[in-house]
Amino acid sequence: MAKASQRIPLYTQIRKYIQDQVTQKIWLPNDRIPSENELANQFGVSRITVKNALSELIEEGLIFRVQGKGSFISPTPSGEPLIYRPDPANLSSKPLIAYLMPRLENMFTARLLSGVESELSKQGYRLLFCRTLDSLEIEKEMLREVVQLGAKGIIIFPVEGETYSDEILRLTLSEFPLVVLDRYLRGVETNCVCSDNVEGARAATSHLVELGHIGIGFISTSCQGTTSIEDRLSGYEKALADHNIHVNHNLRLVHFDNEQVNTILQEGSANEDVKREMQAFLKKNSEMTAVFAINSAVGLTLIEAATELGLRVPEDLSVVFFDNYELSALSSIPPTCVSQQEKELGMEAAKLLVSIIDNPKQDRKKILLPTKLIVRKSTAPNRVKAIR
C-alpha cells in the first residue's frame, strides 16, 4: 500500500503515481485506471483529494473520463496536445485516411474494413484504423486526433446508440471530408453509406407472412439511437401493415446488450442469461410461430434457446435474421437470413470519401445498397405448434 509522505502534497503524489504508471508502460492507452474510491483507499486520502488530482490530469490530456464507466488513459498519454509535424522524409508518402469503428470482432466488421482498405489502396491512400470500443468519449477524442495527425478524410462507423455527435456535426459544417458508414445520425446531414435496412427487414418479415405466420416476434439489441436497428424495426412493422397484420408490441424483446449476445460468435455458445430470457419470452408467447432477429448473434442465440426448450426449428418456430456468416450453409440448421454487401459497403464509403476530397462543395449523399434474402432451412410453413 502506498504511504502518503508529509513533505509532498497528497494530490501531487497521486498525480506522480499515475504519470509513472504510464511512463513505465504499466498502464497503456485506453486502459481503465483505479476508481476514485480505490485510489483514496490506496493513498489513505479523501475522494476530494483524488478528484483534484484526476481533474488536473484530465486538463493535461493524460486521462479522460467515460460517464458511468470510469477514467481511462488517453490514446495520446504524453500529456501534450497532438500537433501534426510532417517528417520531410515522408512528404512524398501517400495521403492518410482514418477509419473509426466500434469493434472488429466478426466477419461483418472484417469485410467492411476489407472493402474500405482495398478501395483506398487502389485510390492511392494509406489507411489509419482506430477502434472506439463503443465509447462516445473515445470516439470524440479520436476524431480530433486523426485530424491533428493530418488525415485528409474520415470514414466513421458510429458507436452503438449514438443519436447525435457534436464532433461529427462540427467537422461536417467545416466541410471536412467525412463519411458515416452502416448507419446515419438523425438531425445531422452527413454523407453516409448503408444497407437498405428497411427493405431488408420488410422482405424477411414478408417471407414469414407468406409462409402463413401471423404471430411474428421481433428480437433485438437496444433499438434506441441506432438507425440501422430502428430501420429494421420499421421494415418489420411495414411488412405486417402491408399484410393487414396487427402490430403486437408484446411480441418484441428489444433491450439486449451487444457484448452479451455476441458471446455466441466469439465463444461458440450463447450467453446463459440471454438464453434464459429468450426462453421465458417464447414460453410467454405461445402464439408466436416465427421470429425476425436483428442480427446473426441474436438469431443464433434464439435457435439455441428454442432447441434447448424442446422446440424444433423450423417445424415449431421459424427464424430469420440479418447478416449471413461464414459457413452458415453448413450449420446444423442452415439459417434463412438477409445478406448485406459488407465489402461493397466499405468500398462505396471509400469511393464517396475520395470524391468529397476532390470536390468538397458537392451535395451530400445518402447511398443505400440493396440487401438479399437467402432462404435456407430455418423457416418453414406455419404448423401452429404450441409450446408445452
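Below are the figures for this structure:
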read-out	value
Residues (outside any strand (DSSP E or B) and modelled with pLDDT of 70 or more) located in the range 71-84	Ser74
Selection from the range 261-278 of residues that are surrounded by 18 or more Cβ atoms within 10 Å (Cβ to Cβ) and either touching a Cys at 6+ places or on another chain (Cβ under 8 Å) or polar (S, T, N, Q) (or both)	Asn262, Thr263, Asn271
Matching residues, the range 330-364, being surrounded by 14 or more Cβ atoms within 10 Å (Cβ to Cβ) and charged (D, E, K, R)	Glu342, Lys343, Glu344, Glu348, Lys351
Matching residues in the range 148-170 - criterion: being farther than 22 Å from Ser228 by Cα and in contact with a Phe, Trp or Tyr (Cβ under 7 Å, 6 or more places away or on another chain)	Gln148, Leu149, Gly150
Residue match in the range 357-380 (condition: among the small types (Gly, Ala, Ser) and assigned by TED's automatic domain parsing to the domain that holds Leu171)	no
Meets criteria (more than 20 Å from Cys337 (Cα to Cα) and in a helix (DSSP H, G or I)) for Ala305	no
Residues of the range 275-298 that turn out to be touching an Asp or Glu at 6+ places or on another chain (Cβ under 8 Å) and assigned to a helix (DSSP H, G or I), as a count	3
Residue list for the range 155-176, restricted to those being under 16 Å from Lys361 (Cβ atoms) and either aliphatic (A, V, I, L, M) or in contact with an Asp or Glu (Cβ under 9 Å, 6 or more places away or on another chain) (or both)	Leu171, Thr172, Leu173
Positions within the range 154-212 being aromatic (Phe, Trp, Tyr) and within 19 Å of the chain's Cα centre (by Cα), in sequence order	Phe157, Tyr164, Tyr184
Residue identified as of a type in the set (A, V, I, L, M, F, W, C), surrounded by 14 or more Cβ atoms within 10 Å (Cβ to Cβ), under 27 Å from Pro381 (Cβ atoms) and free of Cβ contacts under 8 Å to residues at least 40 places away in the same chain among Ala290, Ala305	Ala305
Selection within the range 365-388 - modelled with pLDDT of 95 or more, in a loop (DSSP other than H, G, I, E, B), of a type in the set (A, V, I, L, M) and over 14 Å from Ala306 (Cβ atoms)	Val375
Of all residues making up the range 19-70, the number that are outside any helix (DSSP H, G or I) and among the charged types (D, E, K, R)	5
Residue check, Leu143 crowded, with 17+ Cβ neighbours inside 10 Å and either within 17 Å of the chain's Cα centre (by Cα) or closer than 18 Å to Phe64 by Cα (or both)	yes
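The values are calculated or read from the model by the stated rules, or taken from the named source; none is laboratory data. Just so we're clear, the structure is a prediction, and the values are computed from it rather than from any experiment. Here Cβ is always computed from backbone atoms with ideal geometry, including for glycine, and neighbour counts include all displayed protein chains.
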